Amino acid sequence: MIGKEVKEVGPVTLSEVYDIMKKRLKDAEKQREEDKKAGIAHTITIKPESEDAEPIVEEKPLMGLEQRGTLDYSKKFAHLSKKKSSEMMDELMKIGKMKPEVAVKVVDLLSDNKDRLKLLFSKEHVAVTEKDLDEVVKIVEKYKK
């Protein structure tokens, strides 16, 4: 689970995921500061094998492994801002046979290669025309700049 509550159900672009995860990180940092002021420790003590050595004290990570991985991945592969990806989604959804799941993939991949776009549509079992592909390519090229 990325967030604390479900606001809507549907596919989201990597840009939206990145914004969600940045907000989650900021919330965790804020909570950590509040906890420090309240005297709550967020540390892990690792006991060494040798009794002569001192234990190692490390601070717990702000986010779990999955959340950190999601943040890193979305940061690396989100090509557009949240606003631009939303605008692009709106334009893509105006194309008749476009499903939200396919539109999200187009936004995330930003591929203007017709063969790759056909592959995205093929999973949805939709007969896509050359005219539709041309429209998608025009939209992708517009936002790729």
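Bear in mind these aren't lab numbers, they're just calculated from the coordinates by the rules spelled out. Since the model is a prediction, treat every value here as computed from it, not as a measurement. Every residue, glycine among them, receives a Cβ derived from its backbone with ideal geometry; neighbour counts consider all protein chains shown.
Computed from Cα atoms alone, the Kirkwood hydrodynamic radius reported for the chain is 18.3 Å. The ranking of Tyr18, Tyr143 from fewest to most other beta carbons within 10 Å of each one's beta carbon is Tyr143, Tyr18. In terms of distances greater than 23 angstrom between alpha carbons, the cross-link table entries Lys26/Lys145; Lys76/Lys131; Lys94/Lys138; Lys94/Lys131 yield Lys26/Lys145; Lys76/Lys131. In the range 82-144, Cα pairs under 8 Å separated by at least six residues give a relative contact order of 39 percent.
The ranking of Asp52, Asp108 by Cβ neighbour count inside 10 Å, starting from the fewest, reads Asp52, Asp108. Put in order of Cβ neighbour count within 10 Å, fewest first, the listed residues Ser81, Ser50, Ser111 become Ser50, Ser81, Ser111.
What is the Rg over Rh value, at two decimals, for the range 14-77, using alpha-carbon atoms and the Kirkwood definition of Rh? That ratio equals 1.15. Please report, to two decimal places, log10 I(q)/I(0) for the range 82-144 at q = 0.18 Å⁻¹ as given by the Debye formula with identical point scatterers on the Cα atoms and no solvent. Those come out to -0.53, one per q. How much FRET efficiency would the formula 1/(1 + (r/R0)^6) give for Val126 and Lys36, where r is the Cβ-Cβ distance and R0 is 30 Å, rounded to 0.05? The value I calculate is 0.05. Applying the criteria of a DSSP loop state and at most 10 other Cβ atoms within 10 Å to the GluC sites (Glu not before Pro) of the range 25-108 yields Glu49, Glu51.
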